[in-house]
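Student: Below: one structure in structure tokens.
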Amino acid sequence: MALEEKERIIIPDENGEEHLFEVLFTFDVDETKQSYIAVIPVEQSEDEEVEVYAFRYEEKDNDEDDLSLFPIESDKEWEMVEEMLHTLADQENEV
């Protein structure tokens, strides 16, 4: 049985320090033509509560490996991301 390799990205913080994150999921919203990504820190102890970070993103110059991340600022966007997170968690629990 092969293990599925998780996609990981590096995100610098406001001090320029780089942190490794595991991608939980990405999704696109057709109505707004926006893309979103949800990630969790890789360096997290097992007994810690998982902190999920979400961003709106755009691919840079047709390079899907280079992303520009933008903070989610509106309540409507947060609601969409939370709904998607709950949906995916429910699907995961069904398996």
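Student: Write out, first by first residue and then by second, each pair whose Cβ atoms fall under 8 Å of each other, whose residues are 6+ apart or on separate chains, and whose first residue, in the range 52-65, is surrounded by 10 or more Cβ atoms within 10 Å (Cβ to Cβ) and outside any strand (DSSP E or B) while the second is at pLDDT 90 or above and of a type outside the set (D, E).
Tutor: The qualifying pairs are V52/A38; V52/V39; V52/I40.
Student: State which residue is modelled with the lowest pLDDT when the search covers only the range 55-91 and only residues that are under 13 Å from I9 (Cα atoms) and not hydroxyl-bearing (S, T, Y).
Tutor: Looking at residues that are under 13 Å from I9 (Cα atoms) and not hydroxyl-bearing (S, T, Y), I get E64.
Student: If we keep just the residues of the range 5-23 that are of a type outside the set (D, E, K, R) and not in a strand (DSSP E or B), which is modelled with the lowest pLDDT?
Tutor: Only one residue tops the list, namely G16.
The values are calculated or read from the model by the stated rules, or taken from the named source; none is laboratory data. Keep in mind that this is a model prediction, so the values were computed, not measured. Note: ideal-geometry Cβ built from the backbone for every residue, glycine included; neighbour counts use all protein chains shown.
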